[in-house]
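Comments concern the structure below.
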Amino acid sequence: LNAQEVSYPSDFDEPIPLYDKALGDFEYKISSRSYTAQSYFNQGFQMMYAFTKVDAARSFREAQKADPYCSICYWGEAWAWSSYLNGGMTTSEAPRAYEKIQEAITKA
């Protein structure tokens, strides 16, 4: 099974800052030993709840950079590109979600 060509929004690769104060103190504990990966994962999770999918995906991507072996960090990005409460997955998001869930599987 081959995925479609994957493309991302033009500003997607720009680093996103950690918003540790504005988003509250939510935490979903992951197995990474990296404080940075944990912090970006938490931020991505919160941004999904705030319906800011692209910023959530960017946060999960920063978590991956902090811990390249963090399987759930790749899952998080796949989740960000997938269907959610207010809308379905778009044709441009589907290959992104597929690519990231495949990476999550290889890291597990």
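Of the residues contained in segment 81-88, none is found to be in contact (Cβ under 8 Å) with a residue 12 or more places away in the chain, part of a loop (DSSP other than H, G, I, E, B), at positive phi and exposed (fewer than 15 other Cβ atoms within 10 Å of the Cβ).
Scanning segment 24-49 for residues that are open to solvent by 60 Å² or more (accessible area, probe 1.4 Å) and either within 28 Å of S92 (Cα to Cα) or of a type outside the set (D, E) (or both) yields F26, Y28, K29, S31, R33, Y35, T36, Y49.
Checking each residue in segment 50-78 for being farther than 16 Å from F12 by Cβ and open to solvent by 50 Å² or more (accessible area, probe 1.4 Å) picks out A50, F51, P68, Y69, I72, W75.
Here P95 does not qualify as out of contact with any Ser or Thr (no Cβ under 7 Å at 6 or more places or on another chain) and not in a helix (DSSP H, G or I). Here A97 fulfils each of the conditions (1) in contact with a helix residue (DSSP H, G or I) (Cβ under 7 Å, 6 or more places away or on another chain); (2) open to solvent by less than 70 Å² (accessible area, probe 1.4 Å); (3) in contact (Cβ under 8 Å) with a residue 40 or more places away in the chain apart from (3).
Just so you know, in segment 1-24 the residues that are at pLDDT 85 or above and charged (D, E, K, R) include one that is farthest from S71 (Cα to Cα), and it is E14.
The values are calculated or read from the model by the stated rules, or taken from the named source; none is laboratory data. Quick caveat, the model's predicted, so the values are computed rather than measured. So basically every Cβ, Gly included, is an ideal-geometry build from the backbone, and we count neighbours across all protein chains shown. We work out accessible area using only protein heavy atoms, side chains counted, and drop any ligands, DNA or RNA first. Shrake-Rupley method; radii C 1.70, N 1.55, O 1.52, S 1.80 Å.
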